[in-house]
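Read through the structure below, which is laid out as structure tokens, and then see the notes.
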Amino acid sequence: INQIQFHVGSGVNVDAQALLAYHKSHGVVTQGYSTLGNTPWGHHASKDILHGNLTTSIAKKHNVSTVQVCAHRA
């Protein structure tokens, strides 16, 4: 298991995609922390993640909360 800071929006980063591909090819499970966009200095979830258009639309489509969207394991 490799635990990395990973949250909605992180996956568009080329480096993040390469890391996830590397993990998959080597049988490493990726575990995200700060899945709600928390920061060490803020200690609260990102408003964009909790109430943004992307997470809200995904949540509505699957009849779950935005927090459940963020916590989903791929």
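The values are calculated or read from the model by the stated rules, or taken from the named source; none is laboratory data. Here the structure is a predicted model, which means the values were calculated and not measured. So basically every Cβ, Gly included, is an ideal-geometry build from the backbone, and we count neighbours across all protein chains shown. In case anyone asks, the SASA skips ligands and DNA or RNA and just uses the protein heavy atoms, side chains included. Shrake-Rupley method; radii C 1.70, N 1.55, O 1.52, S 1.80 Å.
Count of region 11-52 residues, restricted to those that are at pLDDT 85 or above and farther than 19 Å from Ala71 by Cβ, is 9. Listed conditions (1) outside any helix (DSSP H, G or I); (2) in contact with a helix residue (DSSP H, G or I) (Cβ under 6 Å, 6 or more places away or on another chain); (3) at pLDDT 90 or above are all met by Ala59, apart from (1). Considering only residues in region 62-74 that are under 24 Å from Gln3 (Cβ atoms) and open to solvent by 100 Å² or more (accessible area, probe 1.4 Å), the one that is modelled with the lowest pLDDT turns out to be Ala74.
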